[in-house]
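Have a look at the structure below, then the notes.
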Amino acid sequence: MPTASRTADRPLACIVMAGGKGTRMRSALPKVLHPIWGRPLLGWVIAAVREAGAERVVVVVPPDAAEAVAAVAGDAETVIQHDQLGTGDAVRCAMPPLEGFTGDVLIVSGDTPLLTAELLGGLVDAHVADGAAATAATFQIDQPGSYGRVIRDAAGIRIVEAKDATPAELEVDEVNAGLYVFDADALRPALAGLTNDNAQGEYYLPDVVPAIAAAGGRASASLVDVASLLLGVNTRVELAEAAQIIRDRIIEQHLLAGAGIVDPATTYIDADVELEADCVVHPYTILRGRTRLAAGAEAGPHSVLTDSVLESDAQAGPFAHLRAGTHLHTGARVGAFAETKNTELGARSKIPHLSYVGDATVGEDTNIGAGNITANYDGVNKHRTTIGDRVRTGSDCVFVAPVEVGDDATTGAGSIITEDVPAEALGIARARQVNKEHYAKRKRDV
């Protein structure tokens, strides 16, 4: 939700700095694209700033990952930072798309997936209430290490990078969180005046804070109480830590909304999963993508559901694998060691165990026997199998698509169905059994 202080004459834009190389991740995948519960790091950040009221979002991306990052940025604008010249340079790269923008500019890092709309909205509200032209989020830490120190004085605040700090400044325990709000009109000239006269030879974004103060703007700091929300992901260890925190948030939200999650410690749910009140998720179950469980539906235990829909009283599990495009209608069931893909299973129909049903439409009140397979791929194209209402298929049947089985039909166990089976017919397609008498004796006598 936009914050209360957002008004039409004081709009909010956001710059997301995602141009870093992320070398400490030890991965060919750009850091901000590493996934957490169905979203990349960058996706979590963009979602938070949008919810906080940002009307425009500009993402700064590296040249070697521009297309990949732009593909997940959604409706955000992207700009390329061709050279790694520091955070100040990154923001300068992002300003041309905001030419003529009058309002506040929120600046965040693309590797901070724990940011919340509440934290960002509070920072923006504090900035507006204080009448500030520059506001930096800060937090306190016992061992500041390499964090930039926040120095408060009569003129407001200034931020000193650890490598450039004096011994006295290094004793300060209030540090820069790398999260800012600036008045756009104050930010532009301050960026233009940045120099790289420092230990790293970079253009530091924090240097614009005293520059704005020197130009007559108010520079302020807003202390963040929950510093863990500011966690930046630089290694896979930190990625795992962030994922655990977000996982707990997701599950808590579903529990508070009435979903029945039997064992949160063994349940994994992506961000865009929808769970209605009174559904049940059993232990060791993974819900991915845009899976949706209606009231009364059950998933698991030991099951994986991806981009699937379970209507009321439908069941998937135990040990079920529902791949993308699976839709179980009211009362339908996919049971133990069964797999479905791009399949619609009609009301009260069942695939109880040990079957693969892909690219299929199954009607109502149908039972798919054990060991059934829809042979949907001919090596070039996928084909569809259609099985009607009240059908009974025997065990160990293969349906070679495209093929159709009519309402109230039956297929004999062990049949390979290559032709349509009419309604109410029995389809059998298997070789006759032949018994060779005295076979064992003849083998012994050889």
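Bear in mind that the values in this text are calculations on the coordinates, not laboratory data. Here the structure is a predicted model, which is why all the values come from computation and not from measurement. Here Cβ is always computed from backbone atoms with ideal geometry, including for glycine, and neighbour counts include all displayed protein chains.
Hey, if you put +1 on the Cβ of every Lys and Arg and -1 on every Asp and Glu Cβ in the chain, which of Trp44, His327, Ala71 ends up farthest toward the positive end of that dipole?
Positive-most Cα among the choices belongs to His327.
How much of the calculated P(r) for region 68-117 lies past 18 Å, in percent of all Cα pairs?
Values: 509 of 1225 pairs.
Pairs farther apart than 18 Å: 42 percent.
Convert 37 °C to kelvin, take the viscosity as 0.692 mPa s, use the Kirkwood radius over C-alpha pairs of region 289-344 as Rh, and evaluate the Stokes-Einstein diffusion coefficient in µm²/s, rounded to a whole number. Working shown, then result.
On the way: Rh = 10.3 Å.
For the chosen part, D equals 318 µm²/s.
Give the peptides 18-29, 298-309, 271-282 in descending order of average Cβ contacts within 10 Å, highest first. It would help to have the intermediate numbers written out before the result.
Values: 18-29: 16.3, 298-309: 22.9, 271-282: 19.6.
Going by the mean number of other Cβ atoms within 10 Å, highest first, we get 298-309, 271-282, 18-29.
Principal axis extents for the chain, Cα atoms only, whole Å, descending order, please.
103, 55, 40
If you average the alpha carbon positions of region 177-247 and of region 305-353, how far apart do those two centres end up, in angstrom?
If we compute the Cα centre of each part, the gap is 48 Å.
So what is the calculated 222 nm ellipticity per residue for the chain, using -39500 (n - 2.57) for each DSSP H run with n of 4 or more, over all residues, to the nearest 500 deg cm²/dmol?
Working: 9 runs with 87 residues, N = 446.
The per-residue figure over the chain is -5500 deg cm²/dmol.
What ranking, highest mean first, results for peptides 166-173, 348-355 when packing means the other Cβ atoms within 10 Å averaged over each residue?
Numbers: 166-173: 11.6, 348-355: 20.9.
Descending mean neighbour count gives 348-355, 166-173.
Rounded to the nearest Å, what's the spacing between the alpha carbon centres of region 100-154 and region 382-408? Just the number, please.
After rounding, the separation between the Cα centres reads 61 Å.
When the dipole is taken about the Cα centre of the chain, and only Lys, Arg (+1) and Asp, Glu (-1) are charged at their Cβ, what size is it in debye, to the nearest 20? Don't skip to the end; give the middle numbers.
Details: 38 positive and 59 negative charges, 397 e Å.
With Lys and Arg at +1 and Asp and Glu at -1, about 1900 debye.
Determine the percent antiparallel among the DSSP beta bridges restricted to region 12-230, to the nearest 5.
45 percent
State the number of lysine pairs found in the chain whose Cα atoms come within less than 26 Å, restricting to pairs 8 or more positions apart or on distinct chains.
On the way: Lys21/Lys31; Lys21/Lys163; Lys31/Lys163; Lys341/Lys350; Lys341/Lys382; Lys350/Lys382.
Final tally of qualifying lysine pairs is 6.
Full-extension gain between Lys163 and Ile80, please, as 0.36 nm times their residue separation minus the C-alpha to C-alpha distance.
Details: separation 83, 0.36 × 83 = 29.88 nm, distance 2.74 nm.
The span from Lys163 to Ile80 would gain 27.1 nm if fully extended.
Considering only DSSP beta bridges where both residues belong to the chain, give the percentage that are antiparallel (nearest 5). Mind showing how you got there, number by number?
Numbers: 20 of 95 bridges.
If we restrict to bridges inside the chain, about 20 percent are antiparallel.
When a/c is below 1.5 the answer is rounded, else prolate if a/b is larger than b/c, else oblate, so apply that to region 12-230 with a ≥ b ≥ c taken from the square roots of the Cα gyration tensor eigenvalues. Please report the intermediate quantities before stating the final value.
Details: a/c = 1.40, a/b = 1.29, b/c = 1.09.
Rounded is the answer for region 12-230, as its axis ratio a/c remains below 1.5.
Step through the residues of region 304-315 one at a time and calculate ³J(HN,Hα) from phi using the Karplus curve (6.51 cos²θ - 1.76 cosθ + 1.60, θ = phi - 60°), rounding each to whole Hz and writing x for Gly and Pro.
10, 10, 10, 6, 10, 10, 10, 6, 4, 6, 6, 9
With no solvent and one equal point scatterer per Cα, compute the Debye intensity ratio I(q)/I(0) for region 1-131 at 0.10, 0.14, 0.17 Å⁻¹ and report its log10, rounded to two decimals.
Evaluating at q = 0.10, 0.14, 0.17 Å⁻¹ gives log10 I(q)/I(0) of -0.30, -0.59, -0.86.
Applying a 10 Å radius around every beta-carbon, put 98-106, 388-396, 258-266 in order of their mean neighbour count, most first.
Details: 98-106: 17.3, 388-396: 19.8, 258-266: 15.7.
Sorting 98-106, 388-396, 258-266 by mean packing, highest first, produces 388-396, 98-106, 258-266.
For region 236-427, with only Lys/Arg (+1) and Asp/Glu (-1) charged at the beta-carbon, what is the dipole magnitude about the Cα centre, in debye rounded to 20?
Once rounded to the nearest 20, the dipole reads 400 debye.
Hey, got the dipole for region 285-386? About the Cα centre, +1 on K and R Cβ, -1 on D and E Cβ, debye to the nearest 20? Don't jump to the answer; show the numbers that get you there.
Working: 10 positive and 10 negative charges, 43 e Å.
Dipole magnitude for region 285-386 comes out near 200 debye.
Hey, quick one: spin label on Arg249, modelled 7 Å out along Cα-Cβ, who in region 271-301 has an amide N within reach, i.e. under 19 Å?
271-275, 287-290
Averaging sequence separations of C-alpha pairs under 8 Å and six or more residues apart, then dividing by the length of region 236-427, give the relative contact order as a whole percent.
Working: 616 pairs, mean separation 18.0, N = 192.
Rounded, it is 9 percent for region 236-427.
Would you calculate the convex hull of the Cα atoms in region 236-427 and tell me its volume per residue in Å³? List each step's numbers first, then the result.
Details: hull volume 18.8 nm³, N = 192.
Taking the convex hull of the Cα positions in region 236-427, it is 98 Å³ per residue.
With r defined as the distance between the Cβ atoms of Ala423 and Glu274 and R0 fixed at 25 Å, what FRET efficiency is calculated, to the nearest 0.05? Mind showing how you got there, number by number?
Working: r = 37 Å, r/R0 = 1.47.
After rounding, the FRET efficiency stands at 0.10.
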